[in-house]
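> So that we are looking at the same thing, I have put the structure below in structure tokens.
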Amino acid sequence: MVPQRVSLITIGAFNLPLLRKFYKSLGWEETEISSDNYSAFKTAGVILSIFPIEELAKDAGVTFNQSADTFRGVTFAINVDKPEQVDTTIGKIKELGGKILREPSDAFWGGRTAYFSDPENNLWEVAWNPTSVFDERGAMISF
């Protein structure tokens, strides 16, 4: 059986210092193993790491031929506790120079959602789901 968990997500960075600066500007805390060649941020249960995209492709044994402005077919999410936190979170990201792709709005499924991209066009959703349940660390345990 394969363990049912996601413990680490790595973004392949075209410009690691730029992405590192962006996530630090959000107020996210880096782990002690971060360096000029690798960055990792503590979140509520999953570590978000940033590694040069060419090195990530090499490590995975695949060929890399994509640009930073291409949609990669993956989105990340920051789920919040209250609907108004979608708006305040997007407002803070906007203040920090983040690119807002979709302003906060009520979702057809009963929640509230918005989208932004980081400096390399990795897509992030900020969402409130009325049925989400978080543990004491803030990790989502159901939705």
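The values are calculated or read from the model by the stated rules, or taken from the named source; none is laboratory data. Model, not experiment: these values are computed from the prediction. Cβ placement follows ideal geometry from the backbone for every residue including glycine, while neighbour counts extend to all protein chains displayed.
> Is there a residue in segment 108-119 that is surrounded by fewer than 16 Cβ atoms within 10 Å (Cβ to Cβ), touching a strand residue (DSSP E or B) at 6+ places or on another chain (Cβ under 9 Å) and not basic (Lys, Arg)? Full working, then the answer.
Within segment 108-119, the subset surrounded by fewer than 16 Cβ atoms within 10 Å (Cβ to Cβ) is 108-110.
Subset that is touching a strand residue (DSSP E or B) at 6+ places or on another chain (Cβ under 9 Å): none.
No, segment 108-119 contains no residue that is surrounded by fewer than 16 Cβ atoms within 10 Å (Cβ to Cβ), touching a strand residue (DSSP E or B) at 6+ places or on another chain (Cβ under 9 Å) and not basic (Lys, Arg).
> Shifting gears a bit: Do we have any residue at all in segment 22-38 that's among the hydroxyl-bearing types (Ser, Thr, Tyr), surrounded by 15 or more Cβ atoms within 10 Å (Cβ to Cβ) and touching a residue at least 60 places away in the same chain (Cβ under 8 Å)?
Yes, segment 22-38 has at least one match.
> Restricting to segment 120-143, and then to whatever is among the polar types (S, T, N, Q) and loosely packed, with under 11 Cβ neighbours inside 10 Å, can you tell me which residue is modelled with the highest pLDDT?
Taking segment 120-143 and keeping what is among the polar types (S, T, N, Q), we get 121-122, 129, 131-132, 142.
This time we only want the ones that are loosely packed, with under 11 Cβ neighbours inside 10 Å, so: 131, 142.
Numbers: 131: 90, 142: 77.
So, considering only residues that are among the polar types (S, T, N, Q) and loosely packed, with under 11 Cβ neighbours inside 10 Å, the one modelled with the highest pLDDT is 131.
> Oh, and also: Taking only segment 1-26 into account, find how many residues are assigned to a loop (DSSP other than H, G, I, E, B) and under 13 Å from the mean Cα position of the chain (by Cα). Talk me through it step by step, then tell me what you get.
Initial filter on segment 1-26 (assigned to a loop (DSSP other than H, G, I, E, B)): 1-7, 14-15, 26.
With under 13 Å from the mean Cα position of the chain (by Cα) added as a condition, the list becomes 26.
Number satisfying all stated conditions: 1.
> Can you report the number of residues in segment 73-125 which are in a strand (DSSP E or B) and within 19 Å of residue 49 (Cβ to Cβ)?
Residues of segment 73-125 in a strand (DSSP E or B): 75-80, 99-106, 112-117, 123-125.
Right, trim to within 19 Å of residue 49 (Cβ to Cβ) and you get 75-78, 117, 123-124.
Total satisfying the criteria: 7.
To keep it simple, each residue is scored yes or no on (1) among the β-branched types (Val, Ile, Thr); (2) surrounded by fewer than 14 Cβ atoms within 10 Å (Cβ to Cβ); (3) modelled with pLDDT under 90; (4) at negative phi.
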residue: 49; (1), (2), (3), (4): no, no, no, yes
residue: 61; (1), (2), (3), (4): no, yes, yes, no
residue: 65; (1), (2), (3), (4): no, yes, yes, yes
residue: 68; (1), (2), (3), (4): no, no, yes, yes
residue: 79; (1), (2), (3), (4): no, no, no, yes
residue: 95; (1), (2), (3), (4): no, yes, no, yes
residue: 102; (1), (2), (3), (4): no, yes, no, yes
residue: 106; (1), (2), (3), (4): no, yes, no, yes
